[in-house]
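What follows is a short report on a single structure.
Rule-based calculations on the coordinates, nothing more; no lab input. Being a predicted model, the structure only gives us computed values, none of them experimental. Glycine gets a Cβ as well: all are built from the backbone with ideal geometry, and neighbour counts include every protein chain shown.
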Amino acid sequence: MIIAIDGPAGSGKSTVAKLVARRLGFLYIDTGAMYRSLTLKAMQDKLNLNDEKVLIDMAKNTKIELNPKAAAIRTPEVTNNISYIANVPGVRSEMVKWQRAFGYKSKKGAVLEGRDIGTVVFPDAERKFYLDASVTERARRRFKELKEKGMKINLGQIEEDIRIRDKKDKTRPVGALKKAKDAVLIDTTELTIEQAVEKVLSYIKY
Ligand code: DC
């Protein structure tokens, strides 16, 4: 069984996807981490981020492994450069191949989270969810997370960053963030993590 969870940054989809996968004994696949890893690699290798051919070659020659502890891919520098990578159709098609392979490899099933899982990667997924929340609430969550890490940050700036990322994610020429027609929309603005997890699980009866 393939479960697709899409949604914008801060909608809670990563935490919810991880917990749903754990509850079901399914494989958890964070597809954003793949785009982040490629971005980090391109930055470390000092590749020209405007040269699509170079980026596609890199994507073709990169072996992707799932590693839950890779913190270096979550820095603001990586986040700010992701669009150079995620906007290239030839790069995305390589990532989609990995994502499908990981999904099919899972014995019991897999929970994949990202932006285009229900629309592009697994259009035939047995269950599709689109998690969303208000911009204010998503900024508040991010603010709390960063503050707990001891970072000095400004809530207004975070909200602005989220709006910019939403725009980039929703207007990407390929693989744009979009709710699949047959996805269940879950607004997590007023939900706790546990409530969101239960809500998703309530649609997965098998
Ligand atoms: O889920 P995340 O915030 O870690 O994802 C980081 C970026 O990667 C996101 O802003 C857009 C890109 N991404 C994508 O283009 N397609 C996906 N399936 C997942 C992420």
Distance in Å, no decimals, from the C-alpha centre of the stretch 38-52 to the one of the stretch 110-161 is 24 Å
Ranked from fewest to most other Cβ atoms within 10 Å of their own Cβ, ASP30, ASP51 fall in the order ASP51, ASP30
For 126-133, 56-63, ranked highest to lowest by mean beta-carbon neighbours within 10 Å, the order is 126-133, 56-63
Across the stretch 1-104, qualifying lysine pairs (alpha carbons under 24 Å, at least 8 places apart or different chains) come out at 19
Over all directions, the stretch 117-204 yields a Cα convex hull whose mean projected area in nm² is 6.7 nm²
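To the nearest whole percent, what portion of all C-alpha pairs in the chain is separated by more than 22 angstrom?
Here the tail beyond 22 Å accounts for 49 percent of pairs.
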Highest mean packing first, using Cβ neighbours within 10 angstrom, the peptides 33-41, 167-175 sort as 33-41, 167-175
With +1 at each Lys and Arg Cβ and -1 at each Asp and Glu Cβ, the charge dipole magnitude of the stretch 131-184 around its Cα centre, to the nearest 20 debye, comes out at 100 debye
Along the dipole axis of the chain (charges at Cβ: +1 for Lys and Arg, -1 for Asp and Glu; origin at the Cα centre), the most positive-end residue among GLY103, PHE129, ALA180 is GLY103
About its Cα centre, the stretch 55-206 carries a charge dipole, from +1 on Lys and Arg Cβ atoms and -1 on Asp and Glu Cβ atoms, whose size in debye to the nearest 20 is 280 debye
Here the tail fraction of P(r) beyond 20 Å, over all Cα-Cα pairs of the stretch 1-95, rounds in percent to 40 percent
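Got a sec? How would VAL200, VAL88 order by Cβ neighbour count within 10 Å, fewest to most?
Values: VAL200 24, VAL88 21.
Least crowded to most crowded, the residues run VAL88, VAL200.
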